[in-house]
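The structure under discussion appears below in the form of structure tokens.
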Amino acid sequence: MTMSWHMMVEFEPPLVACVVSSADYSFAALKATKECVIAIPAVHLAQKVVDVGTSSGREVAKFEKFGLTQRKAARVAAPLVAECFANLECAVVDTRLVNKYNLFVLEVMKAWTDPK
């Protein structure tokens, strides 16, 4: 999922607010499934992040095109990104600001980290 921006809004339960452009494929997917994975990459993946973010999942199979590895998540259907040092499995818990600001509030259901 490509986000315009995100921020922590609460620690217990862990909540993240994120803005997703209504023109993006990710927006429709998030509205339909009400879940996602936020994958947090390391600096060495910066160019790949730009490439992924500037292509659309409507036209491109991103994992294959950009050489990323899917891992099965425990709580959501969306895959984890193995190359990222952290992955947050999230569920949409508040959509009151979606129509006005494209802002979703997500609860982090499970967090994964790669100590390497």
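Key figures for this structure:
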read-out: Number of the condition not met by Val81 [criteria: (1) more than 11 Å from the chain's Cα centre (by Cα); (2) closer than 23 Å to Asp114 by Cβ; (3) crowded, with 17+ Cβ neighbours inside 10 Å]; value: (1)
read-out: Hits in region 59-74 - residues which are under 24 Å from Pro13 (Cβ atoms) and surrounded by fewer than 13 Cβ atoms within 10 Å (Cβ to Cβ); value: Lys72, Ala74
read-out: Cβ-Cβ under 6 Å pairs, at least 6 apart or on other chains, region 34-52 side open to solvent by less than 50 Å² (accessible area, probe 1.4 Å), far side at pLDDT below 90; value: Cys36/Met1; Pro41/Val49; Val52/Lys62; Val52/Phe66
read-out: Cβ-Cβ under 6 Å pairs, at least 6 apart or on other chains, region 5-30 side of a type in the set (S, T, N, Q), far side crowded, with 17+ Cβ neighbours inside 10 Å and modelled with pLDDT of 90 or more; value: Ser22/Asn102; Ser26/Val20
read-out: Residue in region 1-27 that is farthest from Arg75 (Cα to Cα), counting only those that are more than 13 Å from the chain's Cα centre (by Cα) and open to solvent by 50 Å² or more (accessible area, probe 1.4 Å); value: Ala23
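The values are calculated or read from the model by the stated rules, or taken from the named source; none is laboratory data. From a predicted model like this one, the values you see are computed outputs, not experimental measurements. Quick reminder, even Gly has a Cβ in these numbers, built from the backbone with ideal geometry, and neighbours come from all protein chains shown. Areas reflect the complete protein model, heavy atoms only, side chains present, ligands, DNA and RNA absent. Shrake-Rupley method; radii C 1.70, N 1.55, O 1.52, S 1.80 Å.
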